[in-house]
Structure formats: C-alpha cells, structure tokens
Amino acid sequence: MNQLIRVQDNPLKRKVVDAKLLIFQEDINQPQFKRAKYDDCALEATIPDNELLLFDDSVSKLRSQLINKKRGRKACFRSPSPIANFISPLAILSTPPSPCATDLLENLITPNQQPTPIEEGQDLALVIPSSSVHIESTKSTHDWEFIPSHLLCYILAYLTQPQIVSSAMRVCTHWYEVAKSSQQLWRKMDFVGFKVTCTEDMINILDRLTIKWTSHPFSSSTGNQSMSLAHDDEKQECGNSKPYRIKHDGELMIPKSCNIITADHLKKLSSIVPNITSITFPIIEHSDSIPIKSISDSSLKQLSTFSQLRQLNLSTHNRITNVGIDYFFKKIKSLSNVSLDHCNKLTKQSLINILDRSHHLRSISMLNNTCLVDNQCLHFFCKRKTTLSSIRMELDLNNIDITNWTHFVENCKNIETLFIRVHDVKNNVHDLSELISITFKHLKKLKHFSLSCATQHIRIQSARMIHSELLTLHLTHCESLINPTIDCPKLNQIFFDHIKSWDACQMSHLTISNLNQIRIRSTNIKNLHLSEWLKNACTNLHDFELFDCMLSNVELQFCNLPKLEKACLFMCNNLQELIVDGCDSLHTLSVDVCMELRSMNVKSDSLQIAQFFLLPQMQHSKLINLELKCKNLQTLNLHRAVLLERAIIHCDHLDSLNLAGCKRLSHLDLRCDNLDKLALGSQILQYDEEWIDKVTEMCPLVTMLSLSDADELNDFGLMKLTSGFVQLRALVLNHCNKLVHPTIRGDFVKGLQITDCEHLKNVDLKLPHLYKLFIRNCKNISCDFLSRAGVTCPNIGCMEIFDCDALNVIDLCFQKLTNLLVGACKFLTQLKINCGQLNKITINHCPVLDRIDTNHSQLLCEITLHQCASIIDKSISLIHAPLLSNLIISKCDGVTIPDVRHFSNLKMLKFISCHSLEQVHIHSILQLLSFSNCKKLLLDGSFLSNSVVDVVEVVNCSNLRQLNIDCELKRLVVGGCSNLQYLNVKKHCDLVQVNQCNSSLQAINVDTLELQVNQCEELRSIQASNSLRNVQIISCMRISDLCITSLLNKCDRLTRMFVERCNLTCPVIKHDELTSLVVKHCPNLHKIKVEGNTRLQEYVVTDCCKFRLNQ
C-alpha cells in the first residue's frame, strides 16, 4: 500500500536560517495504523496517523525518524545504503538559494497557492504536491530513489557545480540522471571551483558534462551497493553503451586561466555546446600575472557557427577588426546583447554593421575612442528603435547636432539605460544642457542615465532633468554643473564625480523622497546648504559618501535622517564641524583625512562601527572637541587625534577605547558601563581624586589599562586607579615621570609592564596573581624592588628586566618563575637565581656580567648568552644546571676554551661569532654542535674522538685549516671556511655537505652515504668509502675525468651521480649499480663513454655545448 506524504504546513516552527530538516507528515486520510518493512534492516515500525517523518543527513548517512508529538512515542529505522561523503542536501537549506533554485521552488507550490517569498527568520512552509511523493510500505524501497526529480533538482541547486560533479553524481543512478539532465543546474557555467589551467581543460570539462550514456554506470538491483562515478572511467563503466550529447543552451563564462583561445578551440566548443546562447570572454588586464591574448578575426569567424548565440561579450579584445565583425554579424543576426568595449581596432563602421544587421538587438556597449558615434550612427540606431533598451556609447560632439539627437531620442523610446561618454578632439567649449534636457524629455522609459566627459571644457548649465521613471543619475568629469533642475520622484541614486564646479542653488528647493544613495567625489560644491537639503529633501537616504570635496558650508549635519545606515567623509578639507543626530538606523560612520575638522558631535544609539582618522598622514588632524553618545558602539580608536582636548564619550556597550595618542586631552568624561580596554596618553590630564573616582565608577569593568605620557599621574593617583578598577587584569605604564615609589594593588592583575619611567625607584606590588612582569628602561629602579616582589607576588612565571642601569646585583627568589630575560643592564655584575621552576634564561648586552649563580635552579634547561663580554670560560664552568639541554653563546669574546662536560644532559651547543674561541671540551653525547663565524677556531683531531654527535655544523670559520672528524655522525655541514685545505671524515656519516670553500679546499676523504659538494673551485680529489650511494658535485672546476672515474671505481654501491659546472671532457662510466647520471653546464664535455653492464634508468646531459652523443 502506498502512503501519500506532504510537507506539513507549519513544521515545528523551524526558522529558515536554522533549517536542518525537511518535515513530512502522513496524509490523515490513510488508515489509522500501517506496518512498514525495509530491506536490509531488521526493524518493523508501527506508524500512527499523526506522526511526522523527518529526514536528516547531518552524519553523512540518511537517518529517518518517526516521532509522535502528542504521545511522545518514537519508532525509527536507518538506511543501509551509504552516501559516499556527500554533503547533506537537506541541511543546506540554511544557505541562500541560487537563481535556478528559485525557479525550481515554483514547481513545489500547489496550483491554487501563490508563491510566497521566504525571508530570514520566517517559518519554513513548503507544500509539495501529494502526487509527487510515494513511499512503498509493503515492498522494498531504495532510500534515495523515491525523491522526485523536481525536488531533487531544487536540493542540488544549493550545491556548487564542482560539488554536484564530485558528490551528487556518485550517489545513485537517479541522482546521476537528474544532475546531468537538469538544465537549471548548468544554466551558467563559470568554472569556479574546477581545476582549469588552460582552454583545453575547460573544453574537456564541458565534454564530460555534456556526454551521457544509454546505460548508466550504476546497478540499481543491489540496495546496499557502494556507488561511485569517476568521469575518466565512465566509458569503461558503461560497457558497450553508446554516448549521446546533452543539449546545453545556457551561459558560458570563459575563465581568465584560458589565456589563449584559438579558432580550433572554438571549433571544438561548437561541436560540444552548439546551442549555447551566451559567451563571455575574459577581460584583458595589464596587471594579470599570466597575460591574456586577444582573440582574432579567424576566431570570430569560427564563433559565428554558434547559431543560437544571443549574448556576446568581447570587451578589451583588441585584435578584432571591422572585417571579423562584418563577417560575424552577417552570419549571426539574432544577437540581443553585444559588448565590445575597448576593442581599439574597431571603428564606427563596425557599429553601423551591427545596428544594420541585428534585428533583435536590445543592448549594445561600444565604449571605445576609435568608435565615436556621429549623426550617421544615430540614423542606424533609429533602425532598432523598437528593440533597443540599453546603449553605452562614445559621442563625437563635433559631428552631432541637436536635430539628429532629437530624432534619435524621439524614435528610440524604449531605452531604459543610456551611458554616454562625450568627446571633442578640437577641445572646444560645449554646453550639454540642451542635449540632456531633450534626452529626459523624450525617453519616457529611461531608468539609468550616465554622462561622462572624456575631454575638458564640457559644461552643463540649467539642464532640466525632469523624469518620472529615472532611478540612477551619474555625472562625471564635467567642468561645471550650474543650476540643474533635478525633478525625478523615483530617483534612488546620485553619483557625481570630478565636477570642478557644482553650483547647486536650486537643489535646496527640490525634494527627492526616494533617494537612498548619494556619492559625491572630487567635486567643488557651491551655493548648497548640504545639511538642510539632506534633512528636508532626502528623508529616505540610506548611504552617503563625500570624497575629496569642497563644501559651501564648513558645517555638515546629518539630522533627522531615520533611514541613513552608512556615512563616509573622506578628504573634505574645509569641513570644520560634524553633527550627527536623529539617525536611528546609522550603522557605520567613517571620517578620515578631514584635516580641518575641529568638532564632532555624534548621537546615534544604532551606531556600531566608527572609523575616525585611521590612515597615517604627514600632519595631524585638528579635531579638538568630540562628543559621542552611541549606545551600541563597541570599538573606538582615536590614536591619531593628537590635538584632541575635550572628549565626552557615553557608550554603554563600548568594549575598547584607544586615546593613547591624544597628548593634549585635558577633559575626559567617560560613561561606558561595559568598557574592557582603556588606553590613555594625555600629558596634561589631571589624575586627581575626583576624576579617578568618577571614571572608576562609570567604567567599572575595565580589565586592561594603559597609561602613557601621564605627566600628572603621581604615586597616590596610581594607587587610587588600581584600587578603583577592581576587575583589572593587565596594567601598562609608559613615560609616567612623576612615579617614584607607587603602590599597585589588584587582586586579579596578571600582567604588569613598566616602561621609561625615569624617576621610578621602587614599586610596592600587592598583586597576588601576577604572572608576567616587564621592567624596561627604568634607569633608577633599585635591587630591593625585585627582592620584595618575590614575597608579595609569589606567582610570577615570566619576567623581563631590560635597560635598568641602577641594577648591579640581581637576586631573584620566585618559586614559580619559568622564563627570565635580562638585557642591557650596563652595570650588572652578578645574577643570583633561586627559582626552583626556572626553565629558560636569556641574557643580552650585559658587558660586565661575569657570574651567574643558578645553584637552586635544578630544572633549568636552556641558557642563551649574547654580547656578554665579561663571560669567560670560568663563568661557564660555574653555572650549575644538571638538566641543561640547550646552550647558546653568541658574541662573547671572553670565551676561548670552554669546558661544558659538566652539563651531562646537554643536547644542543652553539657558538656564534665568538672570535676568541679556539677549542671546546664536550661530553660524550650531543645532538647538535654548531660553530658559526668563530675566526680563531682550530679544532684538533681529538675534540670528537670519544663523542657521539648527530649533527656538526662548521660555518665561516676562517682560521680552520684541517677538519678531522673521528666519530659517527648523521650530518656534517661545512661552509664558508676560506682557509680549509683538507676534510677527513674517518667514521661513518649519513650526509656530508661542503659549500663555498672556494679558494682553499683541495681534498676530501669521507665515509658517507651521500656527499654534496658545491662551489669548491680548488677541489681536485674526492676519496670516499664503498658505502657512498649518492654524490652531487656543483661548481668545482678542478674536478676532472680522472676524479670521476676513480670515484666510480672505488664506490661499487653508487647509484646516483649529479655533476654540474665541472671540468669534464670525456669521462668513462663503467659501473654496474649506477641508475641515474645527470650532467649539466659542463662547457668542455664532448663525450661520455658508458661501458659495462650498466643499469642506467636516468641519463641526462643538458647545456653542454660541445657534447655529442655516441654513435
């Protein structure tokens, strides 16, 4: 028995934005109880009438549930068939549908019901015709087979085209059929998401998508069979079935990666998609990393074989000529939309041919200074008067008269979009007022009008722009616009750009009630009180932009504009005062590079984004007074408002406020209940008791406080501030010169940074939870401060002491300290550390430090010493750190022959630019030993004799003449040792790398698996053990045929050899195990003799100008 099911009218009040399920309910006319049985699933479910059937694919398998809302009873079954990694088609209903999905939605509406648009937040209520969905309750059913094609097509429309190919087509036969055959899914092919690197890739993709087989590569007899489809093997999967071509009549957008499109390519396309109706070629831009080549006339002739073509976009393809256009439009006469912008080889003759032969032309765009419209062209425009609705053209003012223009606009009454760019090669003065007035008078259906002036001396004076249907008005690059009459009740967008003088005295009396967007750029506005006009005439304004403009008034007000959402003021250099009030919908306000702006008063509870003076400028903004009362504003950065003196900020939801750059701020009124981060930088703000009590009361939730250049902040004021902000977590003090001996309190403070407080001598810290302490450039800070901090701040784990000259002995006792940095303490002689948890010490630029006492730091594992001139061998010997694993000594010239054998756990040892270092004594096990730029390093043959080291690096050690390695290594790196003459690796090493030993190295003797030698010009001899498998020799001009032959004879296991830029002439290759031989850039090589039973699999000789193959 079949059960009819339909979508419930009110499915559990689920919102569209959260939709995860399609909810079906049984027809109430069915019998009261039914019994359902499903294949491969040992579950029988009794289904009452009023139960709901839910489909949910959130776990990559179809799971169906039957839920009784009233009785709370439940019966469910699971699908046995996997959906191979497929994204839930029912879960993606939370995303906006594609245009073709909207068309499919209409098919889901019952004939008697009008389609209702679905909006965010609206209940999901779709009705599916009951005749379209059936479920067999008495015989087996495959899980996805019952979904009707139109519903499945609607679901798939939410996926991208690559997802359809890679996932949906692999589910089952039914999905393959629908996905391949539904024209709605392939109406627009833009190849986004596909791997297209050239035109051939695009053609191959189209070929696969439009081929279909008479028998599909699926077997529907087994319900639990795993189904997959690989397009490359589609023919093999289908056996002997015959392919046929699916008709595709959509839009083709060729991607930029198809940078070369030839006539042969278009010929292949015409055989694959002959019925395509729209083609858009990629735009040619000079900034493209891969330059796009324009198509030619021969390609255009091949394009004429697309007989169903209706739309064509060839903009910027500058190899097309009049000949190709003439041939194309003789063949194709049904085009409705043509775009040929910036095709520089086309003239007005091409435009005439197009207008004369395209009887169905609706839209044409030819913005090209070589194709200027004159009186003759206007005559041909009139031929298409019944069809033309959109024109974009270049107008030749010297060859246009008002009579012909009037005849043109009187005949072409169906024009809705008109874009005119005017030219005058003679550079005469022209007044376009009459032309514009006639255009507005006769084009009754005009909705979009744009006028751009490509030459100077174009004026518009007293033009009558009166129109009942106009929606957008764009005027750009005019010398003057004087007293235009703009009376367009439906006008919603005005865009004026580069108008040198706009005299708008009549605009004040005009009301444009539907205007919602105004953009004025690079325009000098005269005789217009912009504030009054916006208030009285633009009550529905949504978006306002003023860019690089000079105003007739120095004051600008946005008052009583209830629908204004976004306002942007940029480079308005004569604007001095800005007032915003009564804008209940204002969301974003941007003000920048308005250098004369002195006062801002903004009152808007809806404002959420305020961007004021964020761009860096050569001079400072002159903003002095600021008043902000914005309830929903969350972040405010006024760092660049350097001259700000008075600020009133009442923002209930403000989270972050940055006033660190406001050096002259003298009055600050803050009422921000949720303020979390506060940065102040005023030099004259009075931190008196009254102000501190008020600010801590009005901003009780501050957790991060930064005070810089606070010249009026004293010890008492700092104590009041830290005590008043009870939620304080982090405190930064910078250039607070009145601080001498302050007390800092805070039960929750975890971070404290004190910088450049030159008179600070001591600090009483009452911070039980302090974890990070940074003291920088405090010249007079005393040693007692650190001693007491160990008692009052027991939880400090990270500490930095930098540039504190008054410290000579540092005695630290912090039981939880793990990381310590001490730097630029010029008079520090001794460092005593009693920190049981200390893990890492870094000491920089301490010239007189000679002793480091770490006797009580048993967990210390890393020490870095940098530019500590007084550190000597004895200083290192006195360091007690049994778990030390990493030791880095850099630019410590007092170190000569250090002994590190007492560091039994040492793994990494580095010496960098230690110019007095000669030798080093190490223990038996080490992972990395590195010497870099140690000019006096000698390294005798015994320094590694009883050691086990993984990696040894010797780089730029100019005094080293011989290097003998007498221990097993994993890697040896030798580079830049200008006086090294001999390298001897006595024991096995996995990899030996020798680089840039140009003038000295003559012989190498190694026992290694792999040898790499680069830029050793004097190298003559290479001796290696029989274990060598891979050798690479580059830029060694002394390496001869004899050296290569000798190396091959001694190394029986050698398999790979690479030689480049060496002095080979005629080497003999006789080796049974060699599999790869590559020789490059050997200018004297003329022959290679390969003898014996060679196993060469790779034999490459390149860029050897004298080389000749053996005959």
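The values are calculated or read from the model by the stated rules, or taken from the named source; none is laboratory data. Everything quoted here is computed from the prediction, not taken from an experiment. Cβ sites come from the backbone with ideal geometry, for glycine too, and all protein chains shown count toward neighbours. For accessibility, only protein heavy atoms count, side chains too; no ligands or nucleic acids. Shrake-Rupley method; radii C 1.70, N 1.55, O 1.52, S 1.80 Å.
What to note about this one:
- In the range 824-842, the residues that are farther than 15 Å from Leu859 by Cα reach residues that are open to solvent by 70 Å² or more (accessible area, probe 1.4 Å) and not polar (S, T, N, Q) with C-beta atoms within less than 6 angstrom, at least six apart or across chains, in these pairs: Ala824/Phe802; Ala824/His845; Gln830/Arg851; Lys832/Asp811.
- Count of residues meeting criterion [among the aliphatic types (A, V, I, L, M) and either open to solvent by 50 Å² or more (accessible area, probe 1.4 Å) or over 52 Å from the mean Cα position of the chain (by Cα) (or both)] in the range 1048-1072: 3
- Meets criteria (open to solvent by less than 60 Å² (accessible area, probe 1.4 Å), within 24 Å of Gln867 (Cβ to Cβ) and more than 46 Å from the chain's Cα centre (by Cα)) for Leu963: no
- Flag for His174 being in contact with an Asp or Glu (Cβ under 7 Å, 6 or more places away or on another chain), in a helix (DSSP H, G or I) and over 24 Å from Gln311 (Cα atoms): yes
- Of the residues screened, Leu340 is one that is touching a helix residue (DSSP H, G or I) at 6+ places or on another chain (Cβ under 9 Å) and among the aliphatic types (A, V, I, L, M).
- Residue check for Val1079: open to solvent by 40 Å² or more (accessible area, probe 1.4 Å) and among the hydrophobic types (A, V, I, L, M, F, W, C): no
- Flag for Val740 being closer than 22 Å to Lys816 by Cα and assigned to a loop (DSSP other than H, G, I, E, B): no
- For the residues Leu878, Leu917, Leu865, Leu909, the requirement of being closer than 16 Å to Leu820 by Cβ and either open to solvent by 40 Å² or more (accessible area, probe 1.4 Å) or of a type in the set (A, V, I, L, M) (or both) singles out Leu865.
- Listed conditions (1) touching a Cys at 6+ places or on another chain (Cβ under 6 Å); (2) buried (at least 18 other Cβ atoms within 10 Å of the Cβ) are all met by Leu530, apart from (1).
- Residue match in the range 455-476 (condition: among the acidic types (Asp, Glu) and farther than 27 Å from Ser363 by Cα): no
- Qualifying residue in the range 975-990 (condition: at pLDDT below 90, open to solvent by less than 30 Å² (accessible area, probe 1.4 Å) and under 24 Å from Ser913 (Cβ atoms)): no
- The range 1086-1111, residues that are closer than 20 Å to Leu1042 by Cβ and touching a Pro at 6+ places or on another chain (Cβ under 8 Å): Ile1088, Lys1089, Cys1104, Lys1106
- Hits in the range 690-702 (condition: surrounded by 18 or more Cβ atoms within 10 Å (Cβ to Cβ) and not in a helix (DSSP H, G or I)): Cys699, Val702
- So His360, is it over 24 Å from Lys188 (Cα atoms) and of a type outside the set (S, T, N, Q): no
- For the range 269-281, the condition of being modelled with pLDDT of 85 or more and out of contact with any strand residue (DSSP E or B) (no Cβ under 9 Å at 6 or more places or on another chain) holds for at least one residue.
- Consider the range 738-760 and keep the residues that are surrounded by fewer than 16 Cβ atoms within 10 Å (Cβ to Cβ) and not aliphatic (A, V, I, L, M). The one that is farthest from the chain's Cα centre (by Cα) is His741.
- Considering Asn313, Asn318, Asn322, Asn368, the condition of being in contact with a helix residue (DSSP H, G or I) (Cβ under 6 Å, 6 or more places away or on another chain) and either open to solvent by 10 Å² or more (accessible area, probe 1.4 Å) or within 14 Å of Arg392 (Cα to Cα) (or both) is satisfied by Asn322 alone.
- Here the range 447-483 is the region considered, the condition is being over 14 Å from Ile512 (Cα atoms) and in a loop (DSSP other than H, G, I, E, B), and the residue that is least open to solvent (accessible area, probe 1.4 Å) is Ala463.
- Exactly one residue among Glu1018, Glu1010 is open to solvent by 10 Å² or more (accessible area, probe 1.4 Å), under 21 Å from Val955 (Cα atoms) and out of contact with any strand residue (DSSP E or B) (no Cβ under 9 Å at 6 or more places or on another chain), and that residue is Glu1018.
- Filter result for Leu773 (under 25 Å from Phe827 (Cβ atoms) and either part of a strand (DSSP E or B) or not charged (D, E, K, R) (or both)): yes
- Flag for Asp584 being touching a Ser or Thr at 6+ places or on another chain (Cβ under 7 Å), within 24 Å of Leu561 (Cα to Cα) and open to solvent by 70 Å² or more (accessible area, probe 1.4 Å): yes
- Condition met for Leu564 (without any contact (Cβ under 8 Å) to a residue 24 or more places away in the chain and either touching a Leu at 6+ places or on another chain (Cβ under 8 Å) or in a strand (DSSP E or B) (or both)): yes
- Scope the range 528-548; condition more than 18 Å from Gln493 (Cα to Cα) and in a loop (DSSP other than H, G, I, E, B); matching residues: Leu528, His529, Asp548
- Checked against (1) crowded, with 18+ Cβ neighbours inside 10 Å; (2) in contact with a Lys or Arg (Cβ under 8 Å, 6 or more places away or on another chain), Ile525 meets all criteria but (2).
- Qualifying residue in the range 424-438 (condition: at pLDDT below 90, surrounded by 16 or more Cβ atoms within 10 Å (Cβ to Cβ) and touching a Ser or Thr at 6+ places or on another chain (Cβ under 7 Å)): yes
- Taken together, Ser522, Ser501 contain a single residue that is at positive phi and in contact with a strand residue (DSSP E or B) (Cβ under 6 Å, 6 or more places away or on another chain), which is Ser522.
- Scanning the range 920-944 for residues that are assigned to a loop (DSSP other than H, G, I, E, B) and open to solvent by less than 40 Å² (accessible area, probe 1.4 Å) yields Val920, Ile922, His923, Cys934, Leu937, Leu939, Gly941, Phe943, Leu944.
- Conditions (1) open to solvent by 50 Å² or more (accessible area, probe 1.4 Å); (2) among the aliphatic types (A, V, I, L, M); (3) over 44 Å from the mean Cα position of the chain (by Cα); number of the one not met by Ile400: (1)
- Members of the range 253-295 found to be in contact (Cβ under 8 Å) with a residue 60 or more places away in the chain and assigned to a helix (DSSP H, G or I), listed by number: His265, Lys268, Leu269, Ile272
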